[in-house]
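One structure is given here, and the rest of the page talks about it.
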Amino acid sequence: MSRLSSLAIPAAILGLAGMALADSHVSDEVAGAVNIRQSHMSLYGFNLGPLAGMARGRMDYDAEIAGAAAANLAALAAMDQAGYWVEGSSNDDLEESEALAAIWDDPTGFEERMMALQLASADLAAVAGNGLTELQAGMGPVGQSCGGCHEDYRISDN
């Protein structure tokens, strides 16, 4: 076997493997997008936990914690999330996804819901550290924006 042909076989194998990886790249991209957006949602939950606990009287109001959690929530909502919502990543496509295909069927409505969360969380961040009454008032619109989006664009928990 000549040196050239002994290099050609591994090169052909690597070329075929590269094509297979290129084909699976889309799957990796989609799976990665689902993982990242689920992580982002977990961060929402992490910050909403103490806010809701205080608003509902399940934990003592703490202005510093409320202010920090609300600021984090507003920062998360303001992040560009376009890369999280990759076509082919709905629950119709992937079992581990909770996103409904309605996100891609109604992108305007979905963007409006995202904007509502941005505005409500920014408003909450402005008042959360000012007292329990302000926190409670600010939590209503945040809860409505979260719930509205989940109702229309996320599989039901039930």
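The values are calculated or read from the model by the stated rules, or taken from the named source; none is laboratory data. Computed from a predicted model, the values in this text were never measured in an experiment. For neighbour counting, all protein chains shown are included, and Cβ atoms are generated from backbone atoms with ideal geometry for every residue, glycine included.
As a summary of the residue check, residue 68 satisfies the conditions (1) among the hydrophobic types (A, V, I, L, M, F, W, C); (2) more than 28 Å from residue 100 (Cβ to Cβ); (3) modelled with pLDDT under 50 except for the one numbered (3).
Condition first: exposed (fewer than 10 other Cβ atoms within 10 Å of the Cβ), modelled with pLDDT under 95 and assigned to a helix (DSSP H, G or I). Can you find one or more residues in the stretch 22-31 that meet it? Checking the stretch 22-31: at least one residue is exposed (fewer than 10 other Cβ atoms within 10 Å of the Cβ), modelled with pLDDT under 95 and assigned to a helix (DSSP H, G or I). Of all residues in the stretch 94-125, exactly one satisfies the criterion of being touching a residue at least 60 places away in the same chain (Cβ under 8 Å) and surrounded by fewer than 16 Cβ atoms within 10 Å (Cβ to Cβ), namely 96.
Of all the criteria given as (1) touching a Leu at 6+ places or on another chain (Cβ under 8 Å); (2) part of a helix (DSSP H, G or I), the one not satisfied by residue 122 is (1).
The set of residues from the stretch 54-90 being part of a loop (DSSP other than H, G, I, E, B), farther than 16 Å from residue 41 by Cβ, of a type in the set (Gly, Ala, Ser) and touching a residue at least 24 places away in the same chain (Cβ under 8 Å) comprises just one member, 88.
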